[in-house]
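Undergrad: Following this message is one structure expressed as structure tokens.
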Amino acid sequence: MIALKETEYCALAVTDCRPTPLRRWASRPQLKRDPLDGGPTCRGPVTSLPIAHIRRFATAVVVGAASGALCLGVGGRLAMHAFALATAQSAGFTVRGSLNVVFAGAIAGAIGGLLFAAIERFLTQRLWLRGVLFGVVCYVIAIPGFRPPQPLVFALFAPAFLVYGVFFAVTWERLVRSRRLTSA
């Protein structure tokens, strides 16, 4: 049998046998460390994004999805139909296929809305030029996804992206301006 000293026994029994001055020193609040980076964390409640930022990005997603469904979805479907007619391929039209393209346009538009909310401060203040620049940025990002990669496809889809950029910028500006007027 192993004989333990009183201090070792206390440590195993989870009681504090340290002298009083040491107990007071150790009972002071300690910095809590984040297990991921080891640095000190802030004390108090964790704050996330302010409500204004969340509302701004949510508005960007909704406006982007609506603009994308209208401009990219319907415009993309028209561009596909024009490509089929120009290349003498069968121009089949189904409601399901058209809804798929409109839905894809809405998703692309929602992503574009988030992009716009993120880069808005870097764009020019002129509304129409801002819309055109945003449409060009979205078009350049989307170019790798165009199939088949032919100049005719690029030319047919470019107007849809430019219209999307301008439509989104104008709608966004009206919503932001109306929010500023109602909150002031």
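Computed from the coordinates by the stated procedures, all read-outs in this text should not be read as laboratory data. If you're wondering where the values come from, they're calculated on a predicted model, not measured in any experiment. Because the Cβ atoms are built from the backbone with ideal geometry, glycine has one as well, and the counts that use them run over all protein chains shown.
Undergrad: Say we look at region 158-184 and pick out the residues that are part of a helix (DSSP H, G or I), among the small types (Gly, Ala, Ser) and over 20 Å from the mean Cα position of the chain (by Cα); which of these is surrounded by the fewest Cβ atoms within 10 Å (Cβ to Cβ)?
TA: Looking at the filtered set, the residue picked out is Ser183.
Undergrad: In region 67-96, what residues are in a loop (DSSP other than H, G, I, E, B) and in contact (Cβ under 8 Å) with a residue 12 or more places away in the chain?
TA: Thr87, Phe93
Undergrad: Sticking with this one: For region 143-157, does any single residue satisfy the condition of being assigned to a helix (DSSP H, G or I) and within 16 Å of the chain's Cα centre (by Cα)? Spell out how you get there, then give the answer.
TA: To start, the set of residues in region 143-157 that are assigned to a helix (DSSP H, G or I) comprises 143-145, 151-157.
Filter once more, so that each one left must be within 16 Å of the chain's Cα centre (by Cα): none.
No, that holds for no residue.
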